[in-house]
Amino acid sequence: MEVSSNGKRSIHCLRYLNSRICKCIAILLVLLIVRAIFFPSTLSFGWTDDHGLLLIRNLSPFHGSNFGIRIDKFLEVPQIVWGLNNQKIAFARACLTARMLNRTLLMPSLSASLFYKEVERLEPISFDKIFKFNEFNSRCNGFVRLGHYMDVSNRAKTIELPKGSGRKWTIERDFKQLKEYSKEPFDQSEVIRIVGKNPFLWHDHWPVKDYARVFECLVLVDEIANEADKVISRIREVGSEEVTGAKSAKLLPYVAVHMRIEIDWMIHCKKLEQRYNMNQICSSKEEIMSRVGNISGTNTPTVVYLAVADSLLNDSSILDGWKEGLLPFEKKKLGIDKIYKKYPYLIRSAIDYEVCSRADVFVGNSFSTFSSLVVLGRTQKLMKAGVAVGELCSRSVMWPSYAYNILGDSKGRPQKWVANMSDISLQKISYGSNDTSCR
């Protein structure tokens, strides 16, 4: 009798459970039908066995993936070279290329040195020696993804994707090639290795906002971040000492000027002015000092940090001639040059980038990739803080940025500068422009 009673209870439970399962399946089917009707272009599913679990993923490489990037297919790119910010652009471009192919980007090698023409003299440095690997994947989860080479099961069957070059290799041909490699039979390969030129020089297919999202995921490793904190603290301390005449707990604001007057820059900018038939690229030391001194709303005295490549500078008088109330400091005068001397070029540049990004006021050159990326980050920061697009150029906006190479008005002020987050490509930021979005 007891057995029969238990059996009835079991049958009743099974019927109840089956009823619940059927309801869940019915709801899922309804959702899939609705998605197919209203979002037909994004409905492309595949099943992947990941550690014994079946996962649903979006296979479309041309739409945002709600289910993440594939972890079983990889993209490999060449060593990334040139300056820090060219390397950041190249890295982001590689990430977005991998995203288009719906692949995980194998962690690339950066370049600690600046000898980009003599490949054999390049000093490679792993990405995770500069930026936090896990933090990147956490922040960019579902958008782009980094992987380790140890994640690859068989590199022997790698397919090579040769990047085109020359005038005949157009943006359209490049895009068509990427679409081909996102399909069978290429898509079946575990690893696609791109061979050819530096990723910074690849054709650009993505809007500024996509690049900005990748850049937001780049977080300096603790060692470098701590060094940047020391530099910023020292700058603010100096400002406090100059105002009060003694050490004070109150840390004052500072202006950061990316002062491009180094030998290599002056040669480069003169060539650019000839090529573009314009005179808004190069700026003399006197012109920079004058325009920075005319920025309105800056309380004095104010410390001005000069971000300049000391080793390439052929002018020891950059601290002379500034407007009264502006207190110029460079690394040596601040007593922080020993921090920079410990590291190779790439890390020194990363510290200076952080110092400029976090300045209360930033002034740079609109044809400098370094300056342009600093302004992009600061514009993104303003928008995250709730500043409307129409208010970004307001004189009262916090964390203002200026382009000293462009005259803003008849009073000799530099041009107010924000990044155009609606641009369809990174062209203006990669190569510079006299369009500061604030005219």
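Considering only residues of region 226-242 that are open to solvent by less than 30 Å² (accessible area, probe 1.4 Å) and modelled with pLDDT of 90 or more, which is farthest from Leu84 (Cα to Cα)?
Ranking the candidates gives Ile235 first.
For every residue, the table says whether it meets (1) of a type outside the set (Lys, Arg); (2) farther than 25 Å from Lys129 by Cα.
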position	(1), (2)
Met278	yes, yes
Arg291	no, yes
Ala309	yes, no
Ile318	yes, yes
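What is the residue count in region 137-161 for residues that are modelled with pLDDT of 90 or more and open to solvent by 70 Å² or more (accessible area, probe 1.4 Å)? First the steps, then the outcome.
Narrowing region 137-161 to residues modelled with pLDDT of 90 or more: 137-153, 158-161.
Now restrict to residues that are open to solvent by 70 Å² or more (accessible area, probe 1.4 Å): 138-139, 141, 145, 149-151, 153, 160.
Residues flagged as modelled with pLDDT of 90 or more and open to solvent by 70 Å² or more (accessible area, probe 1.4 Å) within region 137-161 amount to 9.
Pull up region 171-185, narrow it to residues that are in contact (Cβ under 8 Å) with a residue 12 or more places away in the chain and either assigned to a loop (DSSP other than H, G, I, E, B) or in contact with a strand residue (DSSP E or B) (Cβ under 6 Å, 6 or more places away or on another chain) (or both), then point me to the one that is surrounded by the fewest Cβ atoms within 10 Å (Cβ to Cβ).
Across region 171-185, the extreme among qualifying residues is Ser182.
Do we have Asn141 as touching a strand residue (DSSP E or B) at 6+ places or on another chain (Cβ under 7 Å) and not β-branched (Val, Ile, Thr) here?
no
If a residue has to be within 19 Å of Ala307 (Cα to Cα) and either exposed (fewer than 12 other Cβ atoms within 10 Å of the Cβ) or acidic (Asp, Glu) (or both) to count, how many in region 389-406 make the cut?
0
What's the total number of residues in region 187-229 that are of a type in the set (S, T, N, Q) and more than 21 Å from His148 (Cα to Cα)? Walk me through how you get there before you give the answer.
Residues of region 187-229 of a type in the set (S, T, N, Q): 188-189, 198, 226.
Narrowing further to those that are more than 21 Å from His148 (Cα to Cα): 226.
Number satisfying all stated conditions: 1.
Name the single residue, out of those in region 243-262 being hydroxyl-bearing (Ser, Thr, Tyr) and surrounded by fewer than 20 Cβ atoms within 10 Å (Cβ to Cβ), that is modelled with the lowest pLDDT.
By that ranking, first place goes to Ser248.
If I filter region 109-126 for residues that are in a helix (DSSP H, G or I) and over 29 Å from Lys342 (Cα atoms), do I get at least one hit?
No, region 109-126 contains no residue that is in a helix (DSSP H, G or I) and over 29 Å from Lys342 (Cα atoms).
Quick check: is even one residue across region 276-297 aromatic (Phe, Trp, Tyr), buried (at least 16 other Cβ atoms within 10 Å of the Cβ) and either within 26 Å of the chain's Cα centre (by Cα) or within 23 Å of Asn420 (Cα to Cα) (or both)? Break it down into steps so the answer makes sense when it comes.
Kept after step one, since they are aromatic (Phe, Trp, Tyr), are these residues of region 276-297: 276.
Next, only the ones that are buried (at least 16 other Cβ atoms within 10 Å of the Cβ) stay: none.
No, region 276-297 has no match at all.
Taking only region 126-136 into account, find how many residues are touching a residue at least 40 places away in the same chain (Cβ under 8 Å) and buried (at least 18 other Cβ atoms within 10 Å of the Cβ).
Within region 126-136, residues that are touching a residue at least 40 places away in the same chain (Cβ under 8 Å) and buried (at least 18 other Cβ atoms within 10 Å of the Cβ) number 4.
Write out, first by first residue and then by second, each pair whose Cβ atoms fall under 8 Å of each other, whose residues are 6+ apart or on separate chains, and whose first residue, in region 189-203, is under 16 Å from Met107 (Cα atoms) while the second is open to solvent by 20 Å² or more (accessible area, probe 1.4 Å) and small (Gly, Ala, Ser).
The qualifying pairs are Glu190/Ser153.
Being in contact (Cβ under 8 Å) with a residue 12 or more places away in the chain and surrounded by fewer than 16 Cβ atoms within 10 Å (Cβ to Cβ) is the filter here, so list the residues in region 324-341 that pass it.
Residues satisfying the conditions are Glu324, Gly325, Lys332, Lys333, Gly335, Asp337.
Between a first residue in region 418-439 that is farther than 14 Å from Ser371 by Cα and β-branched (Val, Ile, Thr) and a second residue that is open to solvent by less than 50 Å² (accessible area, probe 1.4 Å) and modelled with pLDDT of 95 or more, which pairs have beta carbons less than 6 Å apart while being 6 or more apart in sequence or on different chains?
The qualifying pairs are Ile424/Pro207.
Every residue, every condition in (1) under 26 Å from Glu135 (Cβ atoms); (2) in contact with a Lys or Arg (Cβ under 7 Å, 6 or more places away or on another chain), yes or no:
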| position | (1), (2) |
| --- | --- |
| Trp202 | yes, yes |
| His205 | no, no |
| Val214 | yes, no |
| Asp229 | yes, no |
| Ser283 | no, no |
| Glu286 | no, no |
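Could you please tell me which pairs satisfy a Cβ distance under 7 Å, a separation of 6+ or placement on different chains, a first residue in region 374-403 that is touching a residue at least 60 places away in the same chain (Cβ under 8 Å) and part of a loop (DSSP other than H, G, I, E, B), and a second residue that is open to solvent by 60 Å² or more (accessible area, probe 1.4 Å) and not hydroxyl-bearing (Ser, Thr, Tyr)?
Arg395/Gly297
Within region 89-120, take every residue that is charged (D, E, K, R) and at pLDDT 95 or above and give me the one that is farthest from the chain's Cα centre (by Cα).
Arg103
Quick one: which residue in Asn134, Asn141 is farther than 23 Å from Pro185 by Cα and assigned to a helix (DSSP H, G or I)?
Details: Asn141 fails: assigned to a helix (DSSP H, G or I).
None of the other options fit; the residue is Asn134.
Could you check how many residues of region 298-308 are out of contact with any Gly (no Cβ under 7 Å at 6 or more places or on another chain) and open to solvent by 10 Å² or more (accessible area, probe 1.4 Å)? If you could, list the steps in order and put the result at the bottom.
Going through region 298-308, the residues out of contact with any Gly (no Cβ under 7 Å at 6 or more places or on another chain) turn out to be 298-299, 304-308.
Okay, now just the ones that are also open to solvent by 10 Å² or more (accessible area, probe 1.4 Å), so 298-299.
Here the count works out to 2.
The values are calculated or read from the model by the stated rules, or taken from the named source; none is laboratory data. All values derive from a computational prediction rather than experimental measurement. A quick note on method: Cβ atoms are made from the backbone with ideal geometry, for glycine too, and the neighbour counts reach across all protein chains shown. Keep in mind that these areas ignore ligands, DNA and RNA; they rest on the heavy atoms of the full protein, side chains included. Shrake-Rupley method; radii C 1.70, N 1.55, O 1.52, S 1.80 Å.
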